[in-house]
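Laboratory data are not the source of any read-out in this text; all were calculated from the coordinates shown. This structure is a prediction, so every number in the text was calculated from the model and none was measured. Note: ideal-geometry Cβ built from the backbone for every residue, glycine included; neighbour counts use all protein chains shown.
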């Protein structure tokens, strides 16, 4: 299987600045793993949207998969209590 290219929305960098550095390293490691396996065990498709979510501790990574172009687009990263709220 081909490796997916990872892309990030501009707002993701802002999301990551709010977290402790040790958590950022773990989150980025989890995101890098999505390039090889965009639908890993434990990922869930979000209802009503063409988006998926994976857990990393208390944080959630929301992303889209574009299979035709082999791209994984990270849309949002946040604490589990806040990530699903629309702003």
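Of note:
- Residue under evaluation residue 32, criteria (1) under 16 Å from residue 9 (Cβ atoms); (2) under 11 Å from the mean Cα position of the chain (by Cα); (3) surrounded by fewer than 16 Cβ atoms within 10 Å (Cβ to Cβ), criterion not met: (1)
- Residue check, residue 16 touching a helix residue (DSSP H, G or I) at 6+ places or on another chain (Cβ under 8 Å) and over 21 Å from residue 84 (Cβ atoms): no
- When region 25-67 is filtered for residues that are in contact with a strand residue (DSSP E or B) (Cβ under 8 Å, 6 or more places away or on another chain), more than 20 Å from residue 81 (Cα to Cα) and not in a helix (DSSP H, G or I), the ones remaining, listed by number, are 35, 38, 39, 40, 50, 64, 65, 66.
- Checking each residue of region 12-24 against the condition of being within 19 Å of residue 65 (Cβ to Cβ) and in a loop (DSSP other than H, G, I, E, B) gives no match.
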